[in-house]
Amino acid sequence: MARKKLRTTRRALSLEGAVVAGNPRVRPIVYGYRFSSHPDRMKIGYSSRGVERIREQTTGFPEQPQVVFVLHHTDAAEIERRLHQSLAGRQVQDTVGVEWFGVGFADVVRVSPELRAALGQERWRSVWRWMALLCAALLGAVVAPVLAGMGGRPSVAGVDLDAYMRALWEGHGATWRFTFQQAWQVVAGPIGLEVRVLALAFPVALAVWMFGRR
């Protein structure tokens, strides 16, 4: 009886279904993979030698790894560190090593601006930030004449504040035009630094928060 030939090489690593982002010519990567027997666990690691590292790590396993994502980036080591830090609360405790997490791909994307940018999500995130900033600026314009009047400068607003607020509440178009005219006077007129600071504080604070966070 002929002896069956022993297979001596492992099957090639498959990236089918994986999200591959960044420039493939950049060797350092952050990667995530899991096994079909434990779909709720993902290993998130760093390699300076591309996906070869995944192949080496999984040689002793009886099942092929399912590569979830590969992010090519020159700052891959730092990205991996930030991911581990952000996902620390989801780290799996009953495994060897510290790179296994009970997360899905969406969880990783949520804490990775690099992956969001690669998937085109960061662009829409920026649009929403600018829209929120515009709304904040409009709110600042509405309250600027009120702040000017409360600051003891009724001549700046040139209108009874009660009537002004009532007209705003009722949505009179003429009042909205007046609002922006008065807001410009508040910004450009001789009203004092403290009123300008109050009128601009909310939009500026919101802008710093929105564009400073990841």
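The values are calculated or read from the model by the stated rules, or taken from the named source; none is laboratory data. This one's a predicted model, so the numbers in the text were calculated from it and none came from an experiment. Cβ coordinates were reconstructed from backbone atoms using ideal geometry, including for glycine residues, and neighbour counts include every protein chain displayed.
If you check THR74, THR58, which single one turns out to be over 25 Å from ALA117 (Cβ atoms) and either touching a Ser or Thr at 6+ places or on another chain (Cβ under 8 Å) or in contact (Cβ under 8 Å) with a residue 24 or more places away in the chain (or both)? Every option except THR58 fails the conditions.
Taking each residue of the range 108-137 that is modelled with pLDDT under 85 and looking for partners that are surrounded by 15 or more Cβ atoms within 10 Å (Cβ to Cβ) and part of a loop (DSSP other than H, G, I, E, B) with beta-carbon atoms closer than 7 Å, six or more apart or interchain, yields ALA118/GLY22. Is it the case that PRO62 is exposed (fewer than 11 other Cβ atoms within 10 Å of the Cβ) and of a type outside the set (Phe, Trp, Tyr)? Against the criterion (exposed (fewer than 11 other Cβ atoms within 10 Å of the Cβ) and of a type outside the set (Phe, Trp, Tyr)), PRO62 qualifies.
Condition (residue is over 17 Å from VAL51 (Cβ atoms) and modelled with pLDDT of 85 or more) applied to the range 68-75: is it met by at least one residue? If you could, list the steps in order and put the result at the bottom.
Our first condition is that a residue be over 17 Å from VAL51 (Cβ atoms); within the range 68-75, this holds for 75.
So of that shortlist, the ones also modelled with pLDDT of 85 or more come out as 75.
Yes; the residues of the range 68-75 include at least one that is over 17 Å from VAL51 (Cβ atoms) and modelled with pLDDT of 85 or more.
When the range 67-82 is filtered for residues that are part of a helix (DSSP H, G or I) and buried (at least 16 other Cβ atoms within 10 Å of the Cβ), the ones remaining, listed by number, are ALA76, ILE79, GLU80, ARG82. Can we say GLN85 is modelled with pLDDT of 75 or more and in a helix (DSSP H, G or I)? Yes: the conditions hold for GLN85. Close Cβ contacts (under 8 Å, 6 or more residues apart or on different chains) running from residues in the range 88-101 that are in the same structural domain as PHE35 (by TED's automatic domain parsing) to residues that are of a type in the set (Gly, Ala, Ser) and assigned to a loop (DSSP other than H, G, I, E, B) comprise ARG90/GLY102; GLN91/GLY102; VAL92/GLY102. Across the range 18-30, not a single residue is classified as buried (at least 17 other Cβ atoms within 10 Å of the Cβ), over 23 Å from the mean Cα position of the chain (by Cα) and touching a residue at least 40 places away in the same chain (Cβ under 8 Å).
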